[in-house]
Structure formats: C-alpha cells, structure tokens
1. Give the residues of the range 195-208 that are crowded, with 17+ Cβ neighbours inside 10 Å and over 17 Å from Cys226 (Cβ atoms), sorted by residue number.
2. Taking the condition of being hydroxyl-bearing (Ser, Thr, Tyr) and crowded, with 19+ Cβ neighbours inside 10 Å, how many residues in the range 176-189 meet it?
3. Check Thr118 against each of (1) surrounded by fewer than 19 Cβ atoms within 10 Å (Cβ to Cβ); (2) more than 30 Å from Ala234 (Cβ to Cβ); (3) of a type in the set (Val, Ile, Thr) and name the one condition it does not meet.
4. Can you tell me which condition Glu224 does not meet? The list is (1) surrounded by fewer than 19 Cβ atoms within 10 Å (Cβ to Cβ); (2) free of Cβ contacts under 8 Å to residues at least 40 places away in the same chain; (3) outside any loop (DSSP other than H, G, I, E, B); (4) under 21 Å from the mean Cα position of the chain (by Cα), and all the others hold.
5. Would you check if Leu236 is within 21 Å of the chain's Cα centre (by Cα) and touching a residue at least 12 places away in the same chain (Cβ under 8 Å)?
6. Just checking, which of Asp254, Asp242 is among the acidic types (Asp, Glu), outside any helix (DSSP H, G or I), without any contact (Cβ under 8 Å) to a residue 60 or more places away in the chain and farther than 23 Å from Leu61 by Cα?
7. I'd like to verify a number: residues in the range 168-193 that are in a strand (DSSP E or B) and more than 13 Å from the chain's Cα centre (by Cα), how many?
8. Among all residue pairs at least 6 apart or on different chains, which show Cβ distances below 8 Å where the first residue, located in the range 188-215, is touching a residue at least 12 places away in the same chain (Cβ under 8 Å) and farther than 16 Å from Leu123 by Cα and the second is assigned to a loop (DSSP other than H, G, I, E, B) and of a type in the set (Ser, Thr, Tyr)?
Amino acid sequence: MIVGRWRGAVPRGRSLIEVLIALAIGLLLSIGILSTYLANRNVYRANTDLQRIQAAGQLALDRLAYQIRMAGYGKLLSDFANVAVPSAFIGEALRVCAGGFANPNDPSDTPACAAAATGADALQVRYQVEDAPVAGSGNWRDCLGFEVPPDTNGLRIARNRFFVADSNGVPTLMCSGNTAGPQPLIPNVEDLRIRLRIGDPFTRAERVVEPVGFQDWGRVLAVELCVQVRSEEAGLTAGPQDGQTCRGTAFPNDGRLRRTFTQVVTLRNRTL
C-alpha cells in the first residue's frame, strides 16, 4: 500500500519590511492622536484664561466705577444756608496720578505723584460714609473692608487708593484704605490708564485731558478708564495679537493673551 505524504501550509513569520511598515503606521497614528490632544489642550487652556481675563477685567472696572461714582458724596446739610458747601463732605473728591503714587502709604489726603509718568496711573477717591454703622453693613467700610475711623470733625471719610504693583511676581491691581497698607485686589492687571473729562463753568464745554500736571480736580466731571489684563499662563499664543494696549501700542509678543477693558464713569456728586 502506498502512503501519500501530507503537505500542509508551513507557517511563516513577517518580513522585516512588513514590520517596519506596521511600526511606521502605528507611529503616525500615535503622532496624530498626540497632536490632536495637545491642540485641544491648548485651546482649552486659552479659553480658560480668556474667561479669567474677561472676569478680571469686568471686576476691575466694576470696583473702580463704584468708587468713582461715590467720589465726593456727603450728607446734605439741612439748612442750605451756604450754597457753596451743600454737603458735609470737605476736600478733594478725586485725584489721579500719572505713573502712580510716589508713596501709596502717604498719610495725607493729597499724595504726591511719581516722577515718571510711564507706568500705570493711580487713583484716589474720597467720600463720606455712614456716621453710625449698621451691623453687617458694608456702607461704612473702605475698599479693604476695614472700618473707616472718624476724623477730627467726627466725620467718617473713606480714602481709597487704587494702583498697579507687583504682588509675588504678578502685576496686580492694589488697594490701600484708610487704616491698612496696600493689599492685592485683582491679579494679572498690568496697566491702568485714566484720562479726565473736565468742564468749563462758563461755557459748559467738556474736553478730555491727560492727568499729567493736572491740579484743578474740582472741574473733573467724569473719568475714562482703561484696564489691561494679561493671561495667567504663558505659551498660549505664538504670534502677534490683534488689538492695542491702553497706550495705543501693539501687545507684547511673549506668549500671553491680553485684553483691554474701557469705561467712562461720571462723577454723579459733582456739578458745575
């Protein structure tokens, strides 16, 4: 009897070329997945920081606008005997320093301005608060939440100062009240620009002036605010950004996102 030999398929391995092709395809897929992840992560980081910038800018304008609207507020006198002094408030309601204060801790009500006018502007606001504080009320506190002490005339006059300074390596909108030193309010605020709208008591004409060298604070009817906020993180942009700084120049190209926020605020306690 003749027995035939069975010839089955002989298993064979992959060739080197096939292995290299498979590795190349897997590497391309990995690179694509990683690139998509990194792109989505950068978009998420940018959107998150844009939301923070928006919140910080709006909060800064709200804080400053509230204080400016209160500038010069005082309790009306009951007899109106002296038309020139209609309220109990006395002194300057508002003062702006181009380039900042020479000393933010100056105890006087008329702080000197810094010699250089290239830095962020600074603002001082004064107004009368409640003489008899109500428990739980914030109407008798300064910008830091501390009680405003009575002066020699028994009046409580809030004196709040706002300026930009470095706080732990971060440019920050600072506030200094009546009794405490400067404290940080809003981080990543790197510039504050203020211009003044003044009125002529005879013609009623209104014009805009820079605060450099300005002294006639009783003629200020409104202020123009510009707040510049940067992103908390760097590496969010690789090229120039659209828009301009509060000084009218291009944004720095350092990888941080930036936005400016503007508002015109009227001194509602001031009339010509």
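The values are calculated or read from the model by the stated rules, or taken from the named source; none is laboratory data. Because the structure is predicted, anything quoted here is derived from the model rather than measured. When we count neighbours, we look across all protein chains shown, and the Cβ atoms used for this are built from the backbone with ideal geometry, even at glycine.
1. Residues satisfying the conditions are Ile198, Gly199.
2. The qualifying residues number 1.
3. With (1) surrounded by fewer than 19 Cβ atoms within 10 Å (Cβ to Cβ); (2) more than 30 Å from Ala234 (Cβ to Cβ); (3) of a type in the set (Val, Ile, Thr) applied to Thr118, the lone miss is (2).
4. Checking Glu224 against (1) surrounded by fewer than 19 Cβ atoms within 10 Å (Cβ to Cβ); (2) free of Cβ contacts under 8 Å to residues at least 40 places away in the same chain; (3) outside any loop (DSSP other than H, G, I, E, B); (4) under 21 Å from the mean Cα position of the chain (by Cα), the one that fails is (2).
5. yes
6. Asp254
7. 2
8. Every condition considered, the pairs that remain are Asn188/Ser231.
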